[in-house]
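Nothing in this text is a laboratory measurement; each read-out follows from the coordinates by a stated rule. Here the structure is a predicted model, which means the values were calculated and not measured. We place every Cβ from the backbone using ideal geometry, glycine too, and count neighbours over all the protein chains shown.
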Amino acid sequence: MKKTIKDVNWTGKTAVMRCDFNVPLDGDKITDDTRIIASLPSIEYLIENGAAIVLMSHLGRPKGEAKPEFSLAPVAKRLSECLGKEVKFVACDEVVNDEVRSAAKALKGGEVMLIENVRYRAEEEKNDSAFSKELSELGDIFVQDAFGTSHRAHASTTGIADYIPAVSGFLIEKELKFLGEAVNNPKRPFAAVMGGAKVKDKIPVITNLLDKVDILIIGGGMAYTFFKSQGYSIGNSLLDEEGLELAGDILKLAEEKGVKFMLPVDVVAADEFANDSPHDVYPVDSIPDNRMGLDIGPKTIELFTEALKSAKTIVWNGPMGVFEMDTFAVGTKAIAECLAECDATTVIGGGDSAAAVTKFGLADKMTHISTGGGASLEFLEGIELPGISVIEDK
Ligand code: ADP
Ligand code: MG
């Protein structure tokens, strides 16, 4: 178990907290403040418990230079509104300077400030020790609450913990509880549903999960590489040449491990990659040469949902089809509805899968939707995330 902000006596202490305020902007207008709202419980807890709070985050990719369009100033403003109290923002191209240092020192218990985009400094992504030290000197304890960047060893996510003790905020605590429990201590049967585009990206996840799951379901663009490795022709469907051999290995491995491995039995294939393209349902052994598979078919939906009904834990990563186009969103929607209705613990990892679930209005029906795309994928791979391993154990 990792220490959280609840394991610290905050009286007289300053928290240096890494948040994920990487919000979408239109000019200086925040178009989606979900990430700001998500950070509030941890910040409010710190305020109530007397901590002085220095917040930090990245925003976009300023590539190590001060670029006004990536300033966190709009975030400070929105955060002030949400908290109903001033969030002091010290505009500073170097992120930390004497003015920032004295502002941090002057903070009283319950006061909040936000420093400028840490990626204004090239040293951030290099996990530079001098910059990490500069950040650490703004407070006494590092609070890690940005899951989405915890798979990156940067100064504000990892290096800072070389100088001050690290604990997690509530967002990270929740990720570890649900992702961690699902993968390492699941109620069984444990099913994983994998989809999305590239096999190669997901092979490490599949390999790791094969050791843990009872049922492994593969759909989406990835499935066609498996079909190809089984000798079927896949027309113009997505093929990951590099992943072809690996797909064959996975099939063998699944058999060795006694995992119930399920691939689609039918697909919806179209002339073109377009919502209004002519399309039909085909069994997987008769995909026409001039068509591309863009969704799972009705028999597959039945097969997959039936298998999922028996599961007590379900992890889902990767859509079943090109869900961005309504015509080919049917399979993804059916799986999302199945997860929403079943009483298993359901965990969604992966940016596009989370977007799909949200698009269908089913987000609040899932046990947990991970906020970190790349980070949740690496977590599912069984990799120790650098920004998580620095958090002290209880
Ligand atoms: P996640 O972000 O949940 O990990 P991925 O990024 O791996 O998921 O994959 C999502 C993408 O895969 C979506 O943009 C979706 O359109 C695409 N996709 C799914 N099925 C197919 C398919 N049959 N052909 C082409 N692309 C597909
Ligand atoms: Mg994605």
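Annotation: amide H-H contacts under 5 Å for M222 (H modelled 1.01 Å from N, sequence separation of 5 or more, or interchain): G196.
Which GluC sites (Glu not before Pro) does the range 217-309 hold that lie in a coil by DSSP with at most 15 other beta carbons within 10 Å?
E272
Between amide H atoms placed 1.01 Å from N, distances below 5 Å from K2 occur with K394, all of them 5 or more places distant or on a separate chain.
A simple spin-label model places the labels of A363 and S286 4.3 nm from each other, with each point 7 Å out along Cα-to-Cβ.
Distance between the C-alpha centres of the range 235-271 and the range 88-142: 48 Å, rounded to the whole angstrom. Label-to-label distance, K126 versus D28, with points set 7 angstrom from Cα along the beta-carbon direction: 3.1 nm. Listed values for the range 102-112 are Karplus-derived 3J(HN,Hα) couplings in whole Hz (6.51 cos²θ - 1.76 cosθ + 1.60, θ = phi - 60°), namely 6, 5, 5, 4, 6, 4, 9, x, x, 8, 10, and x replaces Gly and Pro.
The ranking of Y120, Y45 by Cβ neighbour count inside 10 Å, starting from the fewest, reads Y45, Y120. Loop-resident trypsin sites (Lys or Arg not before Pro) (DSSP state other than H, G, I, E or B) in the range 27-90 with no more than 11 further Cβ atoms inside 10 Å of their Cβ: K63. Taken about its Cα centre, the range 178-381 carries a charge dipole of about 660 debye when Lys and Arg each add +1 at the Cβ and Asp and Glu each add -1 at the Cβ.
Can you put C92, C338 in order of Cβ neighbours within 10 angstrom, beginning with the fewest?
So the ranking, lowest neighbour count to highest, is C92, C338.
Between S389 and L239, what's the calculated FRET efficiency when r is the beta-carbon distance and R0 is 35 Å? Round to 0.05. Let's see the in-between values first.
Values: r = 37 Å, r/R0 = 1.05.
It comes out at approximately 0.45.
The slack in the chain from K299 to D98, taken as 0.36 nm per residue of separation less the alpha-carbon distance, amounts to 65.8 nm.
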